[in-house]
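Visitor: One structure, as structure tokens, below. Some questions next.
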Amino acid sequence: AGSLFLGSFDLGSAMGNPLKGTQFGIPYVGEPVKFSGWYKYTPGEKFYDANGKELNETDQCAIYAILYEAKDAEGNDITLNGETVNDENSPIVLRADLESGVATNGWKSFNIEFVSVGNRVYEASKEYKLAFVATSSKRGDLYEGAPGSILLIDDFKIEFK
């Protein structure tokens, strides 16, 4: 899947496991409240699973922003990657997700509020990382999707308190 994200790519970590190469987020101070922008999405014609089997499904895009704790309980740095960013036990505190990643008829705007994940709350005294992800195949991290899916994005904004 074609993806754009805020963070970095660690080639050393990616050897043998590409999902570990995506290092999501940058250090950030502040509480995000809204994530907005514009997108245009056209899914590819044929959807395939990780084994290359064609499925009777239509690809969807994914656009989301997250704020997560940058330190664990022992004070060690945390950086989410392609394996951990969607894990239910990840330290994500706030998340803003595009609800529907289906095909659009031209450009479509979105304006999404950040919501708490689980029972977590933002605490100004903690260290955080901020990331956004835009991908042409929502299940690309599972190696599923439709070749030729096209996601165009423009004018991303994250508003803070």
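Visitor: Would you mind stating whether Val93 is part of a loop (DSSP other than H, G, I, E, B) and within 25 Å of Phe160 (Cα to Cα)?
Guide: no
Visitor: How many residues does the range 1-25 contain that are more than 11 Å from Leu80 (Cα to Cα), assigned to a helix (DSSP H, G or I) and modelled with pLDDT of 75 or more?
Guide: Residues that pass the stated criteria total 1.
Visitor: Being modelled with pLDDT of 95 or more and either in a loop (DSSP other than H, G, I, E, B) or among the hydroxyl-bearing types (Ser, Thr, Tyr) (or both) is the filter here; which residues of the range 149-161 pass it?
Guide: The answer is Ser149, and nothing else.
Visitor: Restricting attention to the range 55-72, and to residues there that are touching a residue at least 12 places away in the same chain (Cβ under 8 Å) and outside any strand (DSSP E or B), which single residue is farthest from Leu94 (Cα to Cα)?
Guide: So the residue we want is Thr58.
Visitor: With respect to Asp87, determine if the residue is in a loop (DSSP other than H, G, I, E, B), open to solvent by less than 30 Å² (accessible area, probe 1.4 Å) and of a type in the set (D, E, K, R).
Guide: In short, no.
Visitor: If you don't mind, there's one more thing I want to ask. Could you check the range 11-29 and list, in sequence order, the residues that are open to solvent by less than 60 Å² (accessible area, probe 1.4 Å), over 14 Å from Ile66 (Cβ atoms) and in contact (Cβ under 8 Å) with a residue 12 or more places away in the chain?
Guide: If the condition is that a residue be open to solvent by less than 60 Å² (accessible area, probe 1.4 Å), over 14 Å from Ile66 (Cβ atoms) and in contact (Cβ under 8 Å) with a residue 12 or more places away in the chain, then Ser13, Asn17, Leu19, Gly21 are the ones that fit.
Visitor: Could I ask something else about it? How about the range 112-161: which of its residues are open to solvent by 70 Å² or more (accessible area, probe 1.4 Å) and of a type in the set (A, V, I, L, M)?
Guide: Once the filter is applied, which keeps residues that are open to solvent by 70 Å² or more (accessible area, probe 1.4 Å) and of a type in the set (A, V, I, L, M), the range 112-161 yields Val115, Val121, Ala124, Leu142, Ile150, Leu152.
Visitor: Can you pull out every residue in the range 104-142 that is of a type in the set (A, V, I, L, M, F, W, C), part of a loop (DSSP other than H, G, I, E, B) and within 15 Å of Pro32 (Cβ to Cβ)?
Guide: Correct list: Phe114, Val117, Val121, Ala124.
Visitor: Another question, if that's okay. Within the range 94-111, how many residues are touching an Asp or Glu at 6+ places or on another chain (Cβ under 9 Å) and either acidic (Asp, Glu) or crowded, with 21+ Cβ neighbours inside 10 Å (or both)?
Guide: Counting residues in the range 94-111 that are touching an Asp or Glu at 6+ places or on another chain (Cβ under 9 Å) and either acidic (Asp, Glu) or crowded, with 21+ Cβ neighbours inside 10 Å (or both) gives 3.
Visitor: Search the range 140-152 for residues that are in contact (Cβ under 8 Å) with a residue 24 or more places away in the chain and within 16 Å of Asp49 (Cβ to Cβ) and pair each with any residue that is open to solvent by 60 Å² or more (accessible area, probe 1.4 Å) and acidic (Asp, Glu) when their beta-carbon atoms are under 8 Å apart and the residues are at least 6 apart or on different chains.
Guide: That search, which allows pairs on different chains as well, returns Asp141/Glu83; Ala146/Glu45.
Visitor: Another question about this same structure. More than 14 Å from the chain's Cα centre (by Cα) and outside any strand (DSSP E or B): is that true of Gly101 in this structure?
Guide: no
Visitor: Of Asp77, Asp87, Asp72, which residue is at pLDDT below 95, farther than 22 Å from Pro18 by Cα and not small (Gly, Ala, Ser)?
Guide: Sole residue among the options that is at pLDDT below 95, farther than 22 Å from Pro18 by Cα and not small (Gly, Ala, Ser): Asp72.
Visitor: Moving on to the next point. Which of the following residues is open to solvent by less than 60 Å² (accessible area, probe 1.4 Å), in a loop (DSSP other than H, G, I, E, B) and touching a residue at least 60 places away in the same chain (Cβ under 8 Å): Gly52, Gly44, Gly75, Gly37?
Guide: Only one candidate qualifies: Gly44.
The values are calculated or read from the model by the stated rules, or taken from the named source; none is laboratory data. It should be emphasised that the depicted structure is a prediction, and the values quoted were computed from it without experimental measurement. Note that each Cβ is placed from the backbone with ideal geometry, even for glycine, and that neighbours are counted across all protein chains shown. Only protein heavy atoms, including side chains, enter the accessible area calculation; ligands, DNA and RNA are left aside. Shrake-Rupley method; radii C 1.70, N 1.55, O 1.52, S 1.80 Å.
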